[in-house]
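First comes the structure, then the notes that go with it.
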Amino acid sequence: MAGLKRKFSDVFQSYEVDNLYHFGLTTEDELNYFGDVEVVCMMGSADRAKAFAAKLADERGEGKFFEPKNLSKSDRCNLFKVGKVLSLSHGMGNASCSIFLHETAKLLHHAKADFSRVRFIRLGTSGGLGVPAGTVVVADQAVDGTLEFGFEAVGCGKKKRYPAVADKALSQDLVKAGEVASRKLDKNYQVVTGHTVATDCYYEGQGRLDGALPTWYSEEDKMKFLQQARDMGCKNMEMEATVFLSFFQRLGAPATLCNAALLDRLGGDQHVDPPPMIKDYSQRPQEVVMEYLRKEGLL
Ligand code: R2B
Ligand code: URA
């Protein structure tokens with residue numbers, strides 16, 4: 001696996017005490033504990049990050065009723081470490097996610113983690129595009145809300161577009177792990193690869209007609225948009241893929257996305273399955289990544 005293309009010291013300015021503000025940590029805290037991390041699992045929901053950590057700990061025999069310790073000292077996210085795996089939350093949307101991408105990378109740098117070994121995976125939910133609810137989509141690359149490839153970031157007052165491509169080997173490993181997990185658990189969901197659309201808005205950004213405001217577009221316009229996305233190879237739509245993939249491409253570290261489709265957007269705007277089904281779909285990326293971690297000898 002390729003190491004970082006650039007040294008962090010070239011990338012961000014070193015302060016005597018570096019502040020990881022949204023974790024509530026600084027370099028005056030004991031960060032060496034994070035030095036052996038090999039896989040970073042990030043997800044939107046703080047509760048899901050905790051539940052995933054508990055499952056990892058359980059599988060490692062750390063006790064069924066083991067309560068994972070939240071290592072974040074801020075109320076902005078949950079941060080857990082189980083063996084060499086981090087499970088943490090990044091909130092909803094590119095803007096929130098971006099904060100935790102920077103601070104996670106800095107955390108691992110300060111902890112002297114071996115970046116030639118670290119992989120980054122987002123485990124999320126999404127709306128499917130021509131795939132049935134419950135399908136797990138592993139991304140090969142991301143497009144934005146206008147269906148353009150890559151991520152347009154505004155930095156220091158200027159717009160700049162960065163590529164947002166997933167690590168091929170890591171994505172393939174996750175697809176294989178997903179096929180095993182789905183079979184083992186007797187759930188028979190599909191694990192597919194495709195482009196992931198990331199939008200800045202759950203409602204109008206994703207062409208929904210069930211937001212609070214009247215829209216300029218009609219049901220027909222919406223369907224055209226969703227079909228265009230599907231026809232260019234997009235399999236799902238969520239809100240963080242572009243920043244996530246472009247960040248790690250810029251850093252030179254392998255990353256991918258593993259998102260469950262909660263519904264097929266070509267069939268409507270709202271989930272139709274009952275809450276226990278939606279919960280089951282939402283947990284599938286965790287099943288896939290657990291299987292990957294087992295295969296990698298990390299559990
Ligand atoms: C998927 O689900 C969230 C919106 O409901 C958002 O974080 C995303 O990407
Ligand atoms: N998350 C999204 O961003 N969109 C959906 O349709 C479902 C989950």
Restricting to Cα atoms and excluding each atom paired with itself, what does the Kirkwood estimate give for segment 58-100 in Å?
11.8 Å
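Please report Rg over Rh for segment 255-299, where both radii come from the alpha carbon positions and Rh follows the Kirkwood definition.
1.11
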How large is the dipole of segment 10-122 about the Cα centre if only Lys and Arg carry +1 and Asp and Glu carry -1, each at its Cβ, rounded to the nearest 20 debye?
480 debye
In the chain, with Lys and Arg counted as +1 and Asp and Glu as -1 at Cβ, which of these residues, F120, F52, A133, has the Cα nearest the positive end of the dipole, that is, farthest along it?
F120
Nitroxide proxy distance, nm - points 7 Å out along Cα→Cβ at L298 and Y21:
2.9 nm
Unit charges on C-beta of K, R, D, E only; dipole of segment 60-201, Debye:
520 debye
For a label point 7 Å from the Cα of E30 along Cα→C-beta, name the residues of segment 106-124 whose backbone N is under 15 Å from it.
111
Size-normalised alpha-carbon gyration radius of segment 22-85, reference 2.2 N^0.38 Å
1.11
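To the nearest 0.05, how large is the calculated FRET efficiency for K112 and E179 if R₀ is 35 Å and r is the Cβ-Cβ distance?
After rounding to 0.05, the efficiency reads 0.45.
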Counting all Cα-Cα pairs in segment 40-150, those more than 21 Å apart amount in percent to 44 percent
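Report for segment 131-240 the percent antiparallel among DSSP-assigned beta bridges with both residues inside it, nearest 5.
The antiparallel proportion sits near 40 percent.
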At 0.36 nm per residue, minus the direct Cα-Cα distance, what do T215 and D47 gain on full extension? Give it in nm, one decimal, please.
57.2 nm
Paired Rg and Dmax values of segment 196-299, which use every Cα atom, in angstrom:
16.3, 52
Where both residues lie in the chain, what percent of DSSP beta bridges are antiparallel, nearest 5?
40 percent
Once Rh for segment 89-164 is found with the Kirkwood sum over Cα pairs, what is the Stokes-Einstein diffusion coefficient at 37 °C and 0.692 mPa s, in µm²/s?
218 µm²/s
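D for the chain, whole µm²/s, Stokes-Einstein with Kirkwood Rh over alpha-carbon pairs at 20 °C and 1.002 mPa s: what number?
110 µm²/s
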Point-charge dipole on Cβ atoms (K/R +1, D/E -1) for segment 239-299, about Cα centre, debye to 20
220 debye
Value at 222 nm in deg cm²/dmol, rounded to 500, when DSSP H runs of n ≥ 4 in the chain each add -39,500 (n - 2.57):
-10500 deg cm²/dmol
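Each reported figure results from applying straightforward, stated rules to the coordinates on display, with no laboratory input. All values derive from a computational prediction rather than experimental measurement. All Cβ positions, even for glycine, are placed from backbone atoms using ideal geometry, and neighbour counts span all protein chains on display.
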